[in-house]
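Before any comments, here is the structure.
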Amino acid sequence: MYTDRERFSEHRWYRVSVAPGQELRASVSVSLDRTLNPDHGVLLRAVSGAGQELVRGTDAGSGRTDVRSTGLRWSDQRTEASASPSPDGGSGGTPVCLVVSNSFSAPASVRTAPGMPLELTVDLVPSSDAPGEPDLGRGWLLLLVLAGTGLVAGLVTGWLARWRVAVWKEN
């Protein structure tokens with residue numbers, strides 16, 4: 001866990017090495033200890049060593065609250081056997097940079113220094129056997145099934161409503 005202070009509209013970088021077969025779990029909380037202008041947010045991104053964004057988590061607010069938080073998770077999909085050895089002879093972990101950003105602004109009467117209190121929690125755990133999200137379905141076939149089900153449900157509901165009105169008028 002890291003505690004730090006982040007100035008308004010600043011980017012803080014933290015580097016983590018994720019070994020093959022590990023899952024990175026990170027969360028950040030920024031305590032809002034002064035009045036802010038509306039429409040502010042916190043962004044946590046995981047970026048590869050080459051600068052490619054791997055995953056992001058965001059939290060946005062429109063008014064004053066005490067804390068803004070967000071989190072993310074990412075796993076290295078390589079296996080131990082496919083990992084290239086690092087220069088020191090060990091198994092190469094993937095360097096991942098965690099970037100904490102904010103879009104805070106304050107009225108002119110509010111001090112902006114020191115920055116807002118920030119707490120970053122990082123954990124590396126063994127990745128699951130199925131590291132992806134649960135597969136809830138994809139493709140055109142699922143889309144057609146869902147659209148057909150919605151159409152039938154709408155027609156049946158409409159027919160029942162008309163039938164109920166017709167029976168109500170007769171009685």
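The values are calculated or read from the model by the stated rules, or taken from the named source; none is laboratory data. Just so we're clear, the structure is a prediction, and the values are computed from it rather than from any experiment. Each accessible area value is taken on the protein alone, full model and side chains, heavy atoms only, with ligands, DNA and RNA left out. Shrake-Rupley method; radii C 1.70, N 1.55, O 1.52, S 1.80 Å.
Taking every protein chain into account, the 1.4 Å probe leaves Met1 with about 150 Å² of accessible area, to the nearest ten. Summarising the amide proton neighbourhood of Ala106: residues at separation of 5 or more, or on other chains, whose placed amide H is nearer than 5 Å comprise Asn37. Using 0.36 nm per residue and subtracting the Cα-Cα separation, the extra length available between Ala113 and Val167 on full extension is 12.3 nm.
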